[in-house]
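This report refers to the structure that appears directly beneath it.
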Amino acid sequence: QAKATGRNSFQFYAAGMHQRALDRLQLEKDLHLALERDEFILYMQPQLNLADGRQSSVEALIRWQHPTRGLVPPLEFIPAAEESGLIIPIGRWVLENACRYLSSWRGTALDHMSIAINLSGRELASPDLLEAVSGMLTRYAVDPSKLKIELTEEIFIDNIEHNMDQLLRLDQLGLQLAIDDFGVGYSSLAYLRNFPVSLVKIDRSFIAHVVERPDDAVIVRAVINLAHNLGIPVVAEGIETQAQLDFLRDNHCDLIQGYFTGHPMPAKALLAHLSRTAGNDHSAETSEPSSG
Ligand code: C2E
Ligand code: MG
Ligand code: MG
Ligand code: MG
């Protein structure tokens with residue numbers, strides 16, 4: 001009896017695995033086509049500087065405009081792209097389009113904007129990454145300080161020497177490097193000292209309950225203080241409420257990013273968003289009145 005059940009569930013499991021393998025193959029084929037047909041699009045999510053109330057940077061977040069499935073979020077295809085190696089051409093597409101936006105914004109009301117792009121560990125490992133980045137900067141005449149690269153803590157686990165080398169070279173090119181999803185990964189703090197980190201992004205899982213959970217509040221304060229003591233500014237991700245914003249401002253977080261101040265949006269919606277929110281007063285009763 002038990003044996004039969006075991007075998008049946010194994011066959012069931014194997015059939016499920018087989019289906020998943022087929023689905024994955026189909027997804028990889030579709031991703032190839034998506035590149036050929038130019039079906040990807042970059043959404044932009046603004047970041048708010050809490051000190052001056054300005055929005056001078058955005059994070060570029062990829063979406064796939066699928067012919068039948070609609071707008072597909074990155075978590076549904078980036079993992080497959082990473083496994084198959086397609087993340088390299090997709091990442092190059094992201095890089096090129098970020099540079100293209102920066103160049104098209106020159107001389108417009110978006111002139112001051114910088115763009116952060118996400119880079120997976122596999123892209124950092126790619127030997128011609130530096131060539132690709134410097135090539136794009138030149139081709140679109142982009143000021144390197146306008147381009148930020150977001151990397152997760154996974155890059156501190158394997159290939160440390162190679163990754164360190166790549167980061168130093170990106171830093172020398174003049175790009176800013178941000179540690180994304182800080183706190184959920186390989187949390188050794190030494191790399192904040194050893195790597196050329198210009199920004200720390202606190203993962204949104206710490207922000208979600210920061211107002212009502214004292215432990216999360218302690219962690220967020222500690223990360224902000226640690227980063228500041230090392231001279232590194234901090235972005236908090238996933239701000240959805242005024243109370244979260246107030247907490248972060250009161251604790252001297254530099255920038256916030258979240259649905260409360262702006263969802264990811266098509267680039268062409270940015271300008272309208274900025275003019276609509278320009279007058280928003282994000283200060284609260286707890287903040288110091290400005291002198292003079
Ligand atoms: P991430 O880099 O940590 O990006 C932040 C994610 O949080 C985005 O999800 C964003 O839409 C979402 N988010 C922003 N504000 C809020 C909020 O207030 N509440 C909640 N619940 N979520 C918020 P998205 O766009 O689905 O992207 C997911 C992940 O996919 C990104 O996480 C990043 O790791 C990856 N990704 C996105 N674009 C790219 C890309 O061009 N290349 C690579 N390699 N990865 C990318
Ligand atoms: Mg990111
Ligand atoms: Mg993140
Ligand atoms: Mg993430």
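The values are calculated or read from the model by the stated rules, or taken from the named source; none is laboratory data. Since we're looking at a predicted model, the values are computed, not measured. Here the Cβ positions follow ideal geometry from the backbone for every residue, glycine too, while neighbour counts run over all protein chains shown.
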Kindly indicate the residue of the stretch 175-196 that is surrounded by 14 or more Cβ atoms within 10 Å (Cβ to Cβ), away from ligand 1 (no atom under 16 Å from the Cβ) and of a type outside the set (Phe, Trp, Tyr) and also modelled with the lowest pLDDT among those meeting that condition. Leu192
Per the list (1) at pLDDT 95 or above; (2) farther than 18 Å from Ala178 by Cβ, residue check on Leu48 breaks on (2)
Residues satisfying the stated conditions in the stretch 103-125, i.e. more than 12 Å from ligand 1 (Cβ to nearest atom) and out of contact with any Asp or Glu (no Cβ under 8 Å at 6 or more places or on another chain): Ser103, Ser104, Arg106, Gly107, Thr108, Ala109, Leu110, Asp111, His112, Met113, Ser114, Ala125
For the stretch 55-70, name all the residues that are more than 16 Å from ligand 2 (Cβ to nearest atom) and touching a residue at least 12 places away in the same chain (Cβ under 8 Å). Gln55, Ser56, Trp64, Gln65, His66, Pro67
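Residue-by-condition table, conditions (1) of a type in the set (Asp, Glu); (2) more than 15 Å from ligand 4 (Cβ to nearest atom); (3) under 22 Å from Asp111 (Cβ atoms); (4) over 18 Å from the mean Cα position of the chain (by Cα):
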site: Asp143; (1), (2), (3), (4): yes, yes, yes, yes
site: Ile149; (1), (2), (3), (4): no, no, yes, no
site: Thr152; (1), (2), (3), (4): no, no, no, no
site: Ile160; (1), (2), (3), (4): no, yes, no, yes
site: Val200; (1), (2), (3), (4): no, no, no, no
Filtered residue count, the stretch 226-246, keeping only those that are farther than 15 Å from Leu199 by Cα and assigned to a helix (DSSP H, G or I): 5
Can we say Val223 is surrounded by 17 or more Cβ atoms within 10 Å (Cβ to Cβ), hydrophobic (A, V, I, L, M, F, W, C) and in a strand (DSSP E or B)? no
Looking only at the stretch 2-39, count every residue that is modelled with pLDDT under 90 and farther than 21 Å from Glu83 by Cβ and tell me the total. 12
Out of the residues in the stretch 176-197 that are under 15 Å from the mean Cα position of the chain (by Cα) and hydrophobic (A, V, I, L, M, F, W, C), state the one that is farthest from ligand 2 (Cβ to nearest atom). Val197
In the stretch 83-113, the residues that are buried (at least 18 other Cβ atoms within 10 Å of the Cβ) and under 12 Å from Val58 (Cβ atoms): Ala98, Tyr101, Leu102, Trp105, Leu110, Met113
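Okay, residues lined up against (1) more than 16 Å from ligand 3 (Cβ to nearest atom); (2) among the aliphatic types (A, V, I, L, M); (3) touching a residue at least 40 places away in the same chain (Cβ under 8 Å):
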{"site": "Leu175", "(1), (2), (3)": "yes, yes, yes"}
{"site": "Tyr186", "(1), (2), (3)": "no, no, no"}
{"site": "Leu199", "(1), (2), (3)": "no, yes, yes"}
{"site": "Ala208", "(1), (2), (3)": "no, yes, no"}
